[in-house]
1. Determine, yes or no, whether residue 90 is closer than 17 Å to residue 137 by Cα, touching a residue at least 40 places away in the same chain (Cβ under 8 Å) and not in a strand (DSSP E or B).
2. When you look at residue 57, is it touching a helix residue (DSSP H, G or I) at 6+ places or on another chain (Cβ under 7 Å), buried (at least 17 other Cβ atoms within 10 Å of the Cβ) and under 28 Å from residue 174 (Cβ atoms), yes or no?
3. Taking the residues in the stretch 22-53 that are in a helix (DSSP H, G or I) and touching a helix residue (DSSP H, G or I) at 6+ places or on another chain (Cβ under 7 Å) as candidates, determine which candidate is surrounded by the fewest Cβ atoms within 10 Å (Cβ to Cβ).
4. Within the stretch 255-278, can you find the residues that are crowded, with 17+ Cβ neighbours inside 10 Å and more than 15 Å from residue 234 (Cα to Cα)?
5. Would the stretch 227-239 turn up any residue that is farther than 23 Å from residue 317 by Cβ and either in contact with a helix residue (DSSP H, G or I) (Cβ under 7 Å, 6 or more places away or on another chain) or in a helix (DSSP H, G or I) (or both)?
6. Considering each of 114, 127 in turn, give the residue that is at negative phi, in a loop (DSSP other than H, G, I, E, B) and without any contact (Cβ under 8 Å) to a residue 24 or more places away in the chain.
């Protein structure tokens, strides 16, 4: 069988986009009631489904859990074979089912009512047994599936996914969920590192952080930088307060015009009053400063402007932030 692949691909996307557009008119009192029911629950959100819709249910449960709403997935068929013990009267059960009338559904719903939990339905058939047994019903019906046979769940699962995302995002905002909260639940990923790491976690200290006096010779400073395997040295005055930084860039610029530079005091060739950061600052913010100012090193200072560390762009690379 021959088809116009590009034309058919566009038709599928239009069918699914249309299914989502139709949902906008169904964001009504029922939707608001569902959000508030989940928001006020003292238990967890148990999301149930099976088949292709069950995969969407798993995604919804995972999204809730990662955005501050405790949740678990309950396979509809497994629920009537022992897993129903996961549900308590304090929970809200969200069931995703296009037909809403499977045999498993007929067995499960009376048991949920006996437990005493609230039930929210996302279904394509609001008059189904699922619709009748649920406390709140969200209509996710579609005009047609993208599958030409009308059998494979396509537009219907897209609609369920979009509606569940709408619920999750509303809950996220109502809970005041912030970036730092998201990072707390994702500590192993790049986002978690970006939002949780502080400067103190990755800055160079001790021997790896060369600190020199203003009257030290450039040659001696270069030796200390080399020994520390750093890209710069922090310069301080007699009281130990930062007055400048000497970098590889300073070295190259001055060597072009002054052959006797190695014998000069470091204060004569350093960059005065450089940008600084504090050790409690997020590493992501420090990275932004480095990028905005197009520099490679930042001295880390305490409240009295005394250097306590050094942050090099290489440190951010090793931490996976660049």
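1. no
2. no
3. Restricting to residues being in a helix (DSSP H, G or I) and touching a helix residue (DSSP H, G or I) at 6+ places or on another chain (Cβ under 7 Å), the top hit is 39.
4. 261
5. The answer is yes, given that some residue of the stretch 227-239 is farther than 23 Å from residue 317 by Cβ and either in contact with a helix residue (DSSP H, G or I) (Cβ under 7 Å, 6 or more places away or on another chain) or in a helix (DSSP H, G or I) (or both).
6. Matching residue, one of 114, 127: 127.
Each reported figure results from applying straightforward, stated rules to the coordinates on display, with no laboratory input. Quick caveat, the model's predicted, so the values are computed rather than measured. Cβ atoms come from the backbone with ideal geometry, glycine included; neighbour counts cover every protein chain shown.
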